[in-house]
1. Answer yes or no: is there a residue in segment 172-188 that is within 22 Å of residue 100 (Cα to Cα) and of a type in the set (Val, Ile, Thr).
2. Among residues belonging to segment 195-226 that are of a type in the set (D, E, K, R) and in a loop (DSSP other than H, G, I, E, B), point out the one that is farthest from residue 81 (Cα to Cα).
3. Within segment 97-108, track down each residue that is in contact (Cβ under 8 Å) with a residue 24 or more places away in the chain and either closer than 20 Å to residue 344 by Cβ or in a strand (DSSP E or B) (or both).
4. Of 218, 248, which residue is touching a residue at least 24 places away in the same chain (Cβ under 8 Å) and in contact with a Ser or Thr (Cβ under 9 Å, 6 or more places away or on another chain)?
5. I'd like to know if segment 232-240 contains one or more residues that are crowded, with 20+ Cβ neighbours inside 10 Å, assigned to a loop (DSSP other than H, G, I, E, B) and among the polar types (S, T, N, Q).
6. Would you pick out the residues in segment 121-131 that are over 27 Å from the mean Cα position of the chain (by Cα) and on the phi < 0 side of the Ramachandran plot?
7. Could you grab the pairs with beta carbons closer than 9 Å, sequence gap of 6+ or different chains, first residue in segment 348-365 and in the same structural domain as residue 327 (by TED's automatic domain parsing), second one buried (at least 18 other Cβ atoms within 10 Å of the Cβ) and acidic (Asp, Glu)?
8. Hey, among the residues in segment 109-168 that are of a type in the set (Lys, Arg) and in a strand (DSSP E or B), which one's nearest to residue 475 (Cα to Cα)?
Amino acid sequence: MPVHQFSSSSHSEKMLYTIITYDSQIFFYKNIYTTFLLLMCEELTLVDDAVLVVGGGIAGMQASLDLANRGFRVYLVEKSPTIGGRMAQLDKTFPTMDCSICILAPKMIECFRHPNIRLLTCSEVEEITGSAGNFKAKVLENPRFVDTEKCTGCAVCTEKCPVKVPSEFDMGMGMRKAIYMPFPQAVPRVAIIDKDHCLFFQKGVCEVCKKFCQANAINFDQEPEEITLNVSSIILATGLELYDPTPISEYGYKRHKNVLLSLEFERLINASGPTRGEVLRPSDKKHPHRIVFIQCVGSRSQQKGLPYCSSVCCMYATKEAILVREHNPECEVHILYMDLRVFGKRFQQFVSRARDEWDIKYVNGRPSTIIENPETKDLLVRYQNVMNGHIEELRADLVVLCPALIPREDNKVLAKILDLQLNERNFFKTKDPLLTSVKTSVEGVFVCGYCQAPKDISESVTQASAAAARAAEVAVSAVMRG
């Protein structure tokens, strides 16, 4: 027992200290036992010691790597053509302002090369049966129409393709081809053909990509393939989507060209984005001299949108505001906020630096409408100043909306397949949001990242490691039973 000095009258303190010490010892020995089982697992090999991870964003990749490095086989299922998730679209991360892809790309490559991880991109979970320690999952792998074994990622097919369509990765701010790779660091680095826009599939003509592919990787006859996987546990990390603020008509999104979503602006300011990092107004390609960020668009609202806080908007708006000032020190930046929720490590320091060193102007105001000048496309933001109650106006060249972040629609499908519970906002329900935030109502099924509750990247990574540890316990139990 550690040495601890008590006052003669603190009987309750002694009791509390004894309980805490006892609980700590139990936790310590439990961890030793779990580690022992994990080490034993490396000496045993059973068919069902694998883990299924659904979602290839930062949380899904972290969980996969944790498990794979412990010796477990992992099936990482991702719906899109590449892993990376939303983090791949970001320019920098807060509060350190580190390059997002510089952090993410090494993890993507490690997932791709790890001998214990099998990537299943362009894939969706169709059916799951069984129970903890013995799940059977049916996964549908959709065709790329490009042979993944032959494609070298040279991108000649993309250069020659005559069809251009808006890029989903660039949030429609840039263009891509009908055969494409979502972004330069995509993993796997294999092209995919968009069947809905390909001239061969729509009109039976073209085949330019096939003619110029020296690796002979183009295969228009590829069919969907159903794969059956035996796994001991499942981790869901389906990520997030952006709320569409079009119903909030007073902000004029999709009507006013110079009103953008935060992620659209993030792609605009990104060096790998459609303007190579040059901030230009969509209406006339001119540099804006005043930018206004509007917080809580569609969140913390009982009328239009959703009632909860999305957790990260105050911080990423501050990050993007600093990036604007880095790119153009002459540009004036205002952030209209309801109240600032900067609760993480070094978050308040980050906001204080933005205000004091970068001269970001924080205004405690509730915007009521955005009016566009039909000739210049300049914007007038009318808002109520919360501090004095007055109605005031801000003229802006560009307005950036920070919308609510919401769980993906895939949650409903997976909840039905696995008989899981969702809360009223379509986040996965867990047994206890604080004490067991990764454990669902179904034994052997765990969740992590934004699909469980609003959180930032660092919280998602931490929770992913927790989910991996829980999934490993189930896998070890399956091995021991075998």
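1. Scanning segment 172-188 turns up at least one residue that is within 22 Å of residue 100 (Cα to Cα) and of a type in the set (Val, Ile, Thr).
2. Selected residue: 207.
3. 97, 104
4. Step by step, each of 218, 248 is checked, and only 248 is touching a residue at least 24 places away in the same chain (Cβ under 8 Å) and in contact with a Ser or Thr (Cβ under 9 Å, 6 or more places away or on another chain).
5. yes
6. Residues satisfying the conditions are 129, 131.
7. As it stands, the answer is 359/332; 361/332, since those pairs meet every condition given.
8. Once the filter is applied, the top-ranked residue is 136.
The values are calculated or read from the model by the stated rules, or taken from the named source; none is laboratory data. Since we're looking at a predicted model, the values are computed, not measured. With ideal geometry, Cβ positions are generated from the backbone for all residues, glycine too; neighbour counts draw on all protein chains shown.
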